[in-house]
Amino acid sequence: MNLAALAEQNLAEFGEYERLVFEGKSYTNRELNRQAARLSSALLALGLAPDDKVVVMMPNGPEVLVAYEGIWRGGMTAIPVLFLLEAHELRYILDDSGAKAIVTSPDVHPKVAQAARDIARPVHVIVTGGRETLPPGCLRFDDLVATHPPLETIAARDRHDIATILYTSGTTGKPKGVMQTHHNLHANALNAWNTATNRERGQMALVVLPLAHTFGLSVMIGGYLFGSRGVLMRWFNPEAALELIQRHKVSLMAGVPTMFVYMLMHPNADRYDTSSVTRWIVGAAPMPMEQLRAFEKKFGGTMYVGYGLTESCPTVAAEREGMPRKPGSTGVPVEGVQVKIVDDGGKELPRGEIGEVIARGENVSPGYYNNPEATAETFRDGWLFTGDMGYLDDENYLFIVERKKDLIIRGGLNVYPKDVEEVIHRYPGVQEVAVVGVPDTMMGEEVCAYIAPGSGVEITPAQIIEHCQANLAKYKTPKFVEFVSALPKTTLGKIQKKEIRKMAAARFGK
């Protein structure tokens, strides 16, 4: 099953219709499909072949949908990359994946150029936008689409062929490339389709999630099955989102908690009519129940909570229409996914007991690209060991109570403390550092660094923040920096992050 076939299936089942609205311009499903077929032909003409890798790094836009479908149509693998990442982070992805082409936008191109500068192999850089913004030596996206005939055949792909590789930061400090097969992503879309009780076709959705994020990617793919229409935002803005909901009578929006909190707290929120929305879907991070209820009261509709991971492509469990809400729960496992709670030895625990959440299903990734050690640790005997702690109640509702790993989720984006700690350790005079998340009303969590400088060393928070901004994506940069004489440790000398989290929450949490 090649995911590009879903676009053909969408056309056959629903006919031609307005598939996308972006910044005032409308695009039909047939128009997007034809552009993708032409781009696929262009990529093959450039010498790419099935299984070659193509990075897509740019803000949301119709070209992202066209790029994914075009890449898949030719049997190639898409590597979605958040445009917020810095050049050295992209460089690692290029080196690890062996990507032969990059699709980007003029505003992101400087980082792409810096990352690709010392790559020994040739890398085709394809840039969207007008000719006046085309950097030297690059190919123009629109010219490739306009000058190549559509590729009429779709490359055959089987259940083991990789559709996407999504790089997520790892606890070792090196990003891990989560392999998602065509079968994984199709199975996840089918799970959502079969689980849904409201299968209204042609509904208008507001698409605010980054299409480079596994959540946004799954929403895009599901749209083919549901025959959905979408209003796409280049990037999220709370008031713009509310205005688009009112103008287009949007009935569905999926987002991360931070987006909904910004909408809830926006001073102009009362000016907009959101009565058309019946479903708000929240995932990627916990949504506090108090804020969820306040949001529903203010904007109407029902908010449904889900839980998933990039490694599960992404959905594991979700609340469903018609099922009682249980505060703190992420609903029940979606159709096609089995969930168990196990102890440290992998033994299944009784209902109500807290342990590690593990899951299996057709949507679970086969593992990490070029990383057999991490694959063996996380994927065992067909089960995905999530690293999250939780429990199942007697009615099979899943409750996530704590992250086993030290992952920080800021605004729905993952931040691994090790990434930040390694950068801070490079600053002269830093002796010890521990990075933790602190509760934050707007972002869910903020990044906080506790630092023990060397004896007689003077460092300011501003210096650390400036250093991090120069070496990390902005969302990974600590908001809070605290200096202490020594970090709390166990008798074995291991830093006690649990105690540091308590300290950080008491001082900075809100």
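The values are calculated or read from the model by the stated rules, or taken from the named source; none is laboratory data. All figures in this text were calculated on a predicted structure; none of them were measured in a lab. Quick reminder, even Gly has a Cβ in these numbers, built from the backbone with ideal geometry, and neighbours come from all protein chains shown.
For this structure, a couple of remarks:
- The lone exception for ARG140 - which of (1) modelled with pLDDT under 95; (2) surrounded by 13 or more Cβ atoms within 10 Å (Cβ to Cβ) it fails: (1)
Okay, residues lined up against (1) among the small types (Gly, Ala, Ser); (2) farther than 20 Å from THR214 by Cα; (3) in contact (Cβ under 8 Å) with a residue 60 or more places away in the chain:
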| residue | (1), (2), (3) |
| --- | --- |
| ASN10 | no, yes, yes |
| SER26 | yes, yes, no |
| LEU32 | no, yes, no |
| LEU39 | no, yes, yes |
| ALA42 | yes, yes, yes |
| LEU46 | no, yes, yes |
| LYS53 | no, no, yes |
| GLU63 | no, no, yes |
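- Of the residues making up the stretch 268-277, none is within 25 Å of the chain's Cα centre (by Cα) and among the acidic types (Asp, Glu).
- Restricting the stretch 255-275 to residues that are modelled with pLDDT under 95 and not in a helix (DSSP H, G or I) leaves a set whose member that is nearest to VAL207 (Cα to Cα) is GLY255.
- Residue in the stretch 10-21 that is more than 25 Å from the chain's Cα centre (by Cα), at pLDDT 95 or above, within 23 Å of VAL125 (Cβ to Cβ) and part of a loop (DSSP other than H, G, I, E, B) present: no
- Meets criteria (surrounded by 15 or more Cβ atoms within 10 Å (Cβ to Cβ), in contact with a strand residue (DSSP E or B) (Cβ under 7 Å, 6 or more places away or on another chain) and free of Cβ contacts under 8 Å to residues at least 24 places away in the same chain) for ILE465: yes
- Those residues of the stretch 282-294 which are out of contact with any strand residue (DSSP E or B) (no Cβ under 6 Å at 6 or more places or on another chain), hydrophobic (A, V, I, L, M, F, W, C) and assigned to a helix (DSSP H, G or I), in sequence order: MET289, ALA294
- Pick from the stretch 446-470, criterion modelled with pLDDT of 95 or more and in a strand (DSSP E or B), ranking: farthest from TYR262 (Cα to Cα): ILE451
- Condition met for ALA434 (out of contact with any Ser or Thr (no Cβ under 7 Å at 6 or more places or on another chain) and without any contact (Cβ under 8 Å) to a residue 12 or more places away in the chain): no
- Criterion (hydrophobic (A, V, I, L, M, F, W, C), closer than 30 Å to SER228 by Cα, in contact with a helix residue (DSSP H, G or I) (Cβ under 8 Å, 6 or more places away or on another chain) and part of a loop (DSSP other than H, G, I, E, B)) met by exactly one of LEU65, LEU84, LEU39: LEU84
- Counting only residues that are farther than 17 Å from ARG234 by Cβ and part of a loop (DSSP other than H, G, I, E, B), the stretch 100-143 holds 13 of them.
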